[in-house]
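J.: Sharing a structure below in structure tokens format, with a few things to ask.
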């Protein structure tokens, strides 16, 4: 009776291990929340361009089955009632909650975000090719 019980237990254990190995091999890694950092400020035309570029790069990140955090899109809210400090604080909260940072261009603000990301030990991507593809293959 002991031998049968041991054999059954061993079969169950190996089945569980086999399922876990298959799960690890087959299942893709979960999506990442990736903060999109890039220039925002400028003339109205420059701001429109910068927002469009941030949105474009956010969609590129989404196309790799990740979740883009695009703070530029908050610019559509009225900024007249809040200071630059308010908006950078809000951006930093989002950056801290992200899994990684994608740098699309450099500016005073995005360079500060880059330094914060480094300080927090976040992965930093400078090219869309570096962003992990989390889609099922």
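J.: So how long is each side of the chain along the principal axes, counting just the alpha-carbon atoms, biggest first, in Å?
T.: Rounded to whole Å, the extents work out to 81, 27, 25 Å.
J.: Another question, then. Who wins for biggest fluctuation among 59, 32, 44 in a Gaussian network model of the chain, springs between alpha carbons below 10 Å?
T.: It is 44.
J.: Which value in nm describes the separation of the simple spin-label points at residue 33 and residue 3, placed 7 Å from the Cα toward the beta carbon?
T.: 5.7
J.: Pick out which of 121, 58, 38 has the largest mean-square fluctuation in a Gaussian network model of the chain, springs linking Cα atoms closer than 10 Å.
T.: 121
J.: Based on the Cβ-Cβ distance of residue 130 and residue 48, what FRET efficiency does E = 1/(1 + (r/R0)^6) give at R0 = 30 Å, to the nearest 0.05?
T.: Calculated transfer efficiency: 0.65.
J.: Moving on to the next point. Using a basic spin-label model with each label point 7 Å from the Cα along Cα→Cβ, how many nm lie between residue 97 and residue 63?
T.: Rounded to a tenth, the inter-label distance reads 2.7 nm.
J.: Springs between alpha-carbon pairs under 10 angstrom, Gaussian network model over the chain: which of 119, 64, 97 fluctuates most?
T.: 119
J.: Ok, one more. What number, rounded to the nearest 500 deg cm²/dmol, is the helix-based mean residue ellipticity at 222 nm of the chain, given -39500 (n - 2.57) per DSSP H run of at least four residues and division by all its residues?
T.: -17500 deg cm²/dmol
Each reported figure results from applying straightforward, stated rules to the coordinates on display, with no laboratory input. Note that the structure is predicted; figures quoted are calculated from it, not measured. Ideal geometry is used to build each Cβ from the backbone, glycine not excepted, and the neighbour counts take in all protein chains shown.
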